[in-house]
Structure formats: structure tokens, C-alpha cells
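Undergrad: One structure, pasted below without further comment.
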Amino acid sequence: MSIFDIIGPVMVGPSSSHTAGAVQIGLVSRKLLQDEVVFADIRFHGSFASTYKGHGTDRAVTAGLLGMQSDDVRIAESLNIADEKKLKVFFSTIDLGDAHPNSVLLTIQGAGGRKITVQASSIGGGRILVNKLDGITVNFSAAMPTLIVHNYDTAGHVAFVTRDLFEHGINIATMQLYREGPGGYAVMVIETDQEVPETVIKHIEKCEGVIKTTYVSLSKEKLNDL
């Protein structure tokens, strides 16, 4: 545990869970989309559903979708900025069952037409957990570079991906495997100690049986006149 887990992140807003964590959820979702967000359907669960207006969680998630960090002084104005940027945002509540009380379900679309659905929770101190991606369980924190590989559950995919990372000097910190059933849809969630170059990701995508990849980088994106 670091000192930042105890005192919390540098942030704008009243609550690390309802503000800083919510910004991070929006930002990670933007990175997973790998595109400029133009549409967002944001549905709050549990405590988020009860307090999102008063605690500014709606503005925080929107700020993250715009690419802001948790210490950005413009978070309070994120809804106005979204309107200026032609980002259409819709808010509602949802019952996600036994999900963490600070959870949100986002369906977002990019300028290029790509669309993803992210379920994530804010677990305290600005930390988050991405629970599902397009309905598939993933459970990663986005605290490390994270590569997600969607593939058909056939022999050789794990070996191909791990060998490719090894050959480029990328060390695997954690790895989780999920599948619908033998031969069905499968997902690898790989957290690494180093950033994964785009060339490596593209090479993995070309492997037969790989459906798609998504990647969360820790590097801050350069925003153009936000």
C-alpha cells in the first residue's frame, strides 16, 4: 500500500470515490474505445445512483470521457465543455444486482463508429476496477498497462501472445483468462510492467482466431484544445 492509498489522490471535487474514481472510469473507458467519444449513455448503480448529481459524479465521468485527469480544474464545467465538443451525454440509473455500490455502466461510441460497453466500479482512494467489457468479465484495475485480447478459445493463442510480448522485452505482471466455454469466445487480460508498442498490438491482432484487442496505456494523451 502506498501513501496515496491512505491520503487519496490529488483531485478536484468532494469525494475520491464519487469524483476522482469517476473521472478515472471515464478516462479508462475513453482509452479502451481508442477514439474521440461522441456519444455516451451513462447509467449509475447503487450509491452512485443516489448521489451522482449532488456529488458531481455525472460531471466527473464526463470529464474523464473528455480526457481530463482527476486534478483538472475544468471538471465542474465538463458538461458545458461536452456540449461545446458535440459530445452527447445521457444519464440514468440502473440496478446491476450485486455489483459494487459505486458502479456505473457506460455505453460509448467514437467518432469513427466504434462502440463499447464498460462496467466499472470506484473502490476508494481514486482507484477503480473495470468489471466487464462488452458484457465479458475482465476485472482489472487499469493501474498498469493492460492488454485485452478477445479471441476464439482454440489452442495456441495464449502461447502466441505471451511469446510476442517476451520477444519484445515486455514482462507480464498478471494474466487472467476467461471463456464462455470450450471453443467459444475467450478473453485474455494481461497487465504488464512496460507499455506495449502499437506494432506489437497490431501483430497480435493479425493472429488467426483473434477477434480484436483493446489496450489501456498509462501515458497521458495529448489533448488538442480541449
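The values are calculated or read from the model by the stated rules, or taken from the named source; none is laboratory data. Worth saying up front: this structure is predicted, and the values here are computed from it rather than measured. As a convention, Cβ positions derive from the backbone with ideal geometry for all residues, glycine included, and neighbour counts pool all protein chains shown. The protein model used for the area step is the full one, side chains on, heavy atoms only, and it has no ligands, DNA or RNA in it. Shrake-Rupley method; radii C 1.70, N 1.55, O 1.52, S 1.80 Å.
Undergrad: Do you know which of the residues in region 38-54 that are open to solvent by 10 Å² or more (accessible area, probe 1.4 Å) and hydrophobic (A, V, I, L, M, F, W, C) is nearest to ILE123 (Cα to Cα)?
TA: Per the stated criteria, the residue is ALA49.
Undergrad: Let me ask something else about it. Would you mention how many residues in region 109-125 are assigned to a strand (DSSP E or B) and either without any contact (Cβ under 8 Å) to a residue 60 or more places away in the chain or not aliphatic (A, V, I, L, M) (or both)?
TA: So the answer is 8.
Undergrad: Collect the residues in region 74-102 that are open to solvent by 60 Å² or more (accessible area, probe 1.4 Å), under 22 Å from GLU36 (Cβ atoms) and of a type outside the set (Asp, Glu), keeping them in residue-number order.
TA: If the condition is that a residue be open to solvent by 60 Å² or more (accessible area, probe 1.4 Å), under 22 Å from GLU36 (Cβ atoms) and of a type outside the set (Asp, Glu), then ARG74, LEU79, ASN80, LYS85, LYS86, LYS88, PHE90, PHE91 are the ones that fit.
Undergrad: Kindly indicate the residue of region 157-172 that is touching a residue at least 24 places away in the same chain (Cβ under 8 Å) and open to solvent by 50 Å² or more (accessible area, probe 1.4 Å) and also nearest to the chain's Cα centre (by Cα) among those meeting that condition.
TA: VAL158
Undergrad: Six or more apart or on different chains, Cβ under 6 Å: which pairs go from a residue in region 178-194 that's under 16 Å from GLY135 (Cβ atoms) to one that's among the aromatic types (Phe, Trp, Tyr) and open to solvent by 60 Å² or more (accessible area, probe 1.4 Å)? Could you list them?
TA: Correct list of pairs: empty, since none qualify.
Undergrad: Which one is nearest to PHE166 (Cα to Cα), of the residues in region 198-217 that are assigned to a loop (DSSP other than H, G, I, E, B) and open to solvent by 70 Å² or more (accessible area, probe 1.4 Å)?
TA: This residue is LYS206.
Residue-by-condition table, conditions (1) of a type outside the set (Lys, Arg); (2) closer than 15 Å to VAL28 by Cα; (3) modelled with pLDDT under 95:
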position: ASN131; (1), (2), (3): yes, yes, no
position: ILE136; (1), (2), (3): yes, no, yes
position: THR154; (1), (2), (3): yes, no, yes
position: TYR178; (1), (2), (3): yes, no, yes
position: GLY181; (1), (2), (3): yes, no, yes
position: GLU221; (1), (2), (3): yes, yes, yes
position: ASN224; (1), (2), (3): yes, no, yes
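Undergrad: Sort through ASP193, ASP164 and tell me the only one that's charged (D, E, K, R), farther than 22 Å from SER103 by Cα and touching a helix residue (DSSP H, G or I) at 6+ places or on another chain (Cβ under 7 Å).
TA: ASP164
Undergrad: Still on this model: Could you check region 72-108 and list, in sequence order, the residues that are part of a strand (DSSP E or B) and either more than 26 Å from ALA143 (Cβ to Cβ) or free of Cβ contacts under 8 Å to residues at least 60 places away in the same chain (or both)?
TA: Hits for region 72-108 are LYS88, VAL89, PHE90, PHE91, SER92, THR93, SER103.
Undergrad: For the structure I just gave you, tell me whether ASP5 is over 16 Å from SER103 (Cα atoms), surrounded by fewer than 22 Cβ atoms within 10 Å (Cβ to Cβ) and modelled with pLDDT under 90.
TA: Yes, satisfied.
Undergrad: Within region 175-197, identify whether any single residue is in a helix (DSSP H, G or I) and open to solvent by 70 Å² or more (accessible area, probe 1.4 Å), and answer yes or no.
TA: No, region 175-197 has no match at all.
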